[in-house]
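Contents: one structure, followed by commentary.
Only the coordinates and a few stated rules stand behind these numbers; no lab work does. Please read all numbers here as calculations on a predicted model, not as lab measurements. Every residue, glycine as well, gets a Cβ built from its backbone with ideal geometry; the counts of neighbours run over all protein chains shown.
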Amino acid sequence: MNEASQGPDADGAPAPLYRRVLLKVSGEVLMGDSPYGIDMKTVDAVARSVAELAQLGVELCLVIGGGNIFRGLSTAAKGMERASADYMGMLATVMNALAMQNALERQGVDTRVQSAIPMQTVCEPYIRRRAQRHLEKGRVVIFAAGTGNPFFTTDTAAALRAAEMGCDALLKGTSVDGVYTADPKRDPNAKRYDALTYLDVLAKDLKVMDASAISLMRENAIPIVVFSIRTPGSLLDVIAGRGVHTVITESVDAQS
């Protein structure tokens, strides 16, 4: 794993633990306090956090879910075949990616959107080597439209792209500050884990990411860090190994 040295750099900023990361943002985060849709204040807040990370020299790519938009379409999708509904969800992720690209570019961050479903009028097609070159040049790359196939979630797409890009970690930004024994929004007695193994997640059926995504991260020895992206400064804390979060690796002992 290509990890940067720990400790502050010359100007006092925290030295990042990882050279290249993929940030997975759930679509629900972008709703803000709305029942569905895109809340631009929330998008701008996430973009500011990403811009701060880019300024540290971290090579950064993103995958954004589509739940915030598809939630508004869920009634229309009832009764549809699964494949058609999944394609609608993929299109929702493209809309989120374009919104995030716009917000990042307002922060002065060069950004490219690559879609697994070709739509060259609005974004680039997904080409692995081109995406790697963008990252090497310091551009943020947003991967849209999932894997381009139905029956796969954006979690699986995030795991796939993290492996293809040779990322040192997959950061999952959600609305809660880690992995819990149960949904902390519904169960006040839920306990948060500081560290887990991939097998723990699968054996305990913890709702972190789907099983195929967890397995892919295990096969490629890419740690998963789950944190609340709604908390100001949390992304910088995670990249420096601080703050409240849950780390998922092959061995809990290896994290100590």
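Toward the positive end of the charge dipole of the range 145-209, about the Cα centre and with charges on Cβ (Lys, Arg +1; Asp, Glu -1), which of P150, T181, A162 goes farthest?
Sorting the options by dipole projection puts first T181.
Which whole-number percentage describes the relative contact order of the chain, with Cα contacts under 8 Å and a sequence gap of 6 or more?
Details: 514 pairs, mean separation 52.1, N = 256.
Once normalised by length, the contact order is 20 percent.
Give me, ordered by chain and number, the residues 5 or more places off L62 or on other chains with an amide H under 5 Å from its own placed amide H.
Under 5 Å from the amide H of L62: L23, V141, I142, F143.
What nm value, rounded to one decimal, do you get for the distance between R128 and S34 when each label is placed 7 Å out toward the C-beta?
3.7 nm
Could you count how many Lys pairs in the range 20-255 have their Cα atoms under 29 Å apart, skipping same-chain pairs fewer than 8 positions apart?
Lysine pairs, 8 or more places apart or on different chains, close enough: 24.
Divide by every residue of the chain the summed helix terms, -39500 (n - 2.57) for each DSSP H run of at least 4, and state the resulting mean residue ellipticity at 222 nm, rounded to the nearest 500 deg cm²/dmol. Present the calculation step by step, with values, prior to reporting the outcome.
Numbers: 8 runs with 93 residues, N = 256.
Rounded to the nearest 500, it is -11000 deg cm²/dmol.
Between exposed trypsin sites (Lys or Arg not before Pro) in the chain, where DSSP calls loop and at most 15 other Cβ atoms lie within 10 Å, what's the longest gap? Intermediate values should be presented prior to the final figure.
Details: sites that count: K78, K137, K185, R186, K191, K204, K207, R242.
It runs 1-77.
Can you give the three extents of the C-alpha atoms in the chain along their principal axes, from longest to shortest, in whole Å?
Principal extents (Cα only, largest first): 50, 43, 34 Å.
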